[in-house]
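> Next up is a structure, given as structure tokens.
The values are calculated or read from the model by the stated rules, or taken from the named source; none is laboratory data. The structure displayed is predicted, hence computed values, not measured ones. Here the Cβ is made from the backbone with ideal geometry for all residues, glycine too, and neighbour counts use every protein chain on show.
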Amino acid sequence: MKAPRRKFLALSAALTASCKKAEVPSESGAHMRPYGERAPQEQSVRIIRELTKSPGTGSSRTPLHEIYGIITPSALHFERHHAGVPAIDPATHRLLIHGLVDRPLSFSLADLKSFPSLSRICFLECGGNSVGDYSGNHQPTVQGSHGLLSCSEWTGVKLSRVLAEVGVQPDAQWMIAEGADASMMTRSIPMEKVLHDAMLVYGQNGEALRPEQGYPLRLILPGWEGNTNVKWLRRLEFTREPAQSAKETANYTELLPNGQARQFSFVMDARSVITSPSGGMKLSRKGFHEITGFAWTGHGKIARVEVSVDNGQTWALAELQEPVLSLALVRFRFPWRWDGAETRIMSRCTDETGYVQPTHDELLSVYGPNAGYHYHAIRPWRVLPSGEVVSHV
Ligand SMILES: Nc1nc2c(c(=O)[nH]1)N[C@H]1C(S)=C(S)[C@@H](COP(=O)(O)O)O[C@H]1N2
Ligand SMILES: [Mo]
């Protein structure tokens, strides 16, 4: 790797020379702003797919190829709403906890904020991310194919801490969580997860939740499919049986080749994707390019990421950038010298349980073509001699 180093040195010498000539502005700059905005030249946006008959309903996707590090800026966090974004007054909003409990209670936001707080960085991925890939409908860009994925620092209170106040009875097996939006999104969560690491969240990346993320209160279930992370949370009911709600029967179940549907498939399996270079980009020249992307798993920590730049014939370890957090996005990097020939590049991750991200064919051999949810196969990108990067179909 001697040649690129010499090039870097030449480049930095040129930069030093031009810095000396740069003029210092003679007038002072713009006023300060009470609440910040990004530079006007920065144009990263979510792509939005709304149902025409029902405004606000649908999804918007994070531009993963334009994100630095592992935290998704709140303004670019993906959205998935089943009945738009409700306007909720935090002063009057309450969370009711009832059912198989000793003391049914209703909590204001102030009540919940008086508990010891907890912050945790974790990814959120919609179970329907890449839904078309099972049937070979591969989106041309990483934003289209993987953009129902984001990672935030969430702040709130550990749910088990609040439950100590209501006294959940021993025969409670499930918690039914309900949202205050018009879809009344309802999901049944097993007690084990509730007591392990579920959070009632009011903060996102250092400030209050965004309305789109569930303001003023949402459930966060680290590593579990996005749909179970109920937004605009208003009710938790403890029961012996699951609710069998629409979102755990008609949707968010995987139709398997034997004709049965897999229900309550909560955990997101290990997955990775190269975000740069990725579909829709163009390499400007032969030579050095840094390959980078994300890896994540709902089963704890990512153990390693491998990258292939030769159609999957050989694989080499990528560097995992610190911090490598459990149930968070992990940033990987891999130096690559492109020789100008057509090839396919791809990443493959392994999590701490030893689970290896499958190929598309391996995934389909288990899930079949109609599963819809929880697609997590390796995604190759094809690099053409022109430098154009296209979806591999
Ligand atoms: N109340 C309510 N909660 C909800 C939803 C919803 O429509 N209503 N959408 C769910 C789905 S399908 C996903 S993927 C995540 C999306 O969270 P986000 O919009 O903050 O990214 O929220 C879940 N929680
Ligand atoms: Mo979702």
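> Please find, within segment 181-197, the residue that is farthest from ligand 1 (Cβ to nearest atom) out of those that are buried (at least 20 other Cβ atoms within 10 Å of the Cβ) and among the aliphatic types (A, V, I, L, M).
The extreme case among them is V194.
> Do you know which of the residues in segment 85-116 that are surrounded by fewer than 17 Cβ atoms within 10 Å (Cβ to Cβ) and touching a Ser or Thr at 6+ places or on another chain (Cβ under 6 Å) is farthest from A172 (Cα to Cα)?
The selected residue is R94.
> Answer yes or no: is there a residue in segment 161-173 that is under 26 Å from I70 (Cβ atoms) and either under 25 Å from the mean Cα position of the chain (by Cα) or surrounded by fewer than 18 Cβ atoms within 10 Å (Cβ to Cβ) (or both).
No, that holds for no residue.
> Any residue at all in segment 270-286 that's of a type outside the set (D, E) and within 11 Å of ligand 1 (Cβ to nearest atom)?
no
> State all residues of segment 114-133 that are assigned to a strand (DSSP E or B) and within 15 Å of ligand 2 (Cβ to nearest atom); if no residue qualifies, say none.
Correct list: F123, L124, E125.
> Please name all residue pairs, on different chains or six or more residues apart, with Cβ atoms under 6 Å, provided the first residue is in segment 84-105 and is on the phi > 0 side of the Ramachandran plot and the second residue is outside any loop (DSSP other than H, G, I, E, B).
G84/G56; G84/T57; G99/E237; G99/F238; G99/T239
> Something else now. Within segment 229-262, take every residue that is within 25 Å of the chain's Cα centre (by Cα) and small (G, A, S) and give me the one that is surrounded by the most Cβ atoms within 10 Å (Cβ to Cβ).
Applying the filter and picking the extreme gives S245.
> Additional query: Please count how many residues of segment 222-247 are closer than 21 Å to F78 by Cβ and within 12 Å of ligand 1 (Cβ to nearest atom).
Going through segment 222-247 one residue at a time, the tally reaches 11.
> Tell me the residue from L219, L200 that is hydrophobic (A, V, I, L, M, F, W, C), near ligand 1 (Cβ under 10 Å from one of its atoms) and under 21 Å from the mean Cα position of the chain (by Cα), please.
L219
> Next question, about the same structure. Restrict the check to segment 100-113 and report whether at least one residue is in a strand (DSSP E or B), hydroxyl-bearing (S, T, Y) and at pLDDT 95 or above.
yes
> Can you tell me how many residues within segment 353-388 are under 13 Å from V309 (Cα atoms) and either assigned to a strand (DSSP E or B) or assigned by TED's automatic domain parsing to the domain that holds T228 (or both)?
3
> Another question about this same structure. Tell me whether segment 139-157 contains one or more residues that are surrounded by fewer than 19 Cβ atoms within 10 Å (Cβ to Cβ) and over 18 Å from the mean Cα position of the chain (by Cα).
Taking every residue of segment 139-157 in turn, at least one turns out to be surrounded by fewer than 19 Cβ atoms within 10 Å (Cβ to Cβ) and over 18 Å from the mean Cα position of the chain (by Cα).
> Follow-up question, since we're still on this one. Return yes when G29 is modelled with pLDDT under 95, within 13 Å of ligand 1 (Cβ to nearest atom) and not assigned by TED's automatic domain parsing to the domain that holds E254 and no when it is not.
no
> I would also like to ask the following. In segment 352-382, what residues are within 17 Å of S265 (Cα to Cα) and among the hydroxyl-bearing types (S, T, Y)?
Y355, Y367, Y373, Y375
> Is there a residue being assigned to a loop (DSSP other than H, G, I, E, B), closer than 23 Å to G206 by Cβ, within 16 Å of ligand 1 (Cβ to nearest atom) and not assigned by TED's automatic domain parsing to the domain that holds G128 anywhere in segment 47-63?
Within segment 47-63, one or more residues are assigned to a loop (DSSP other than H, G, I, E, B), closer than 23 Å to G206 by Cβ, within 16 Å of ligand 1 (Cβ to nearest atom) and not assigned by TED's automatic domain parsing to the domain that holds G128.
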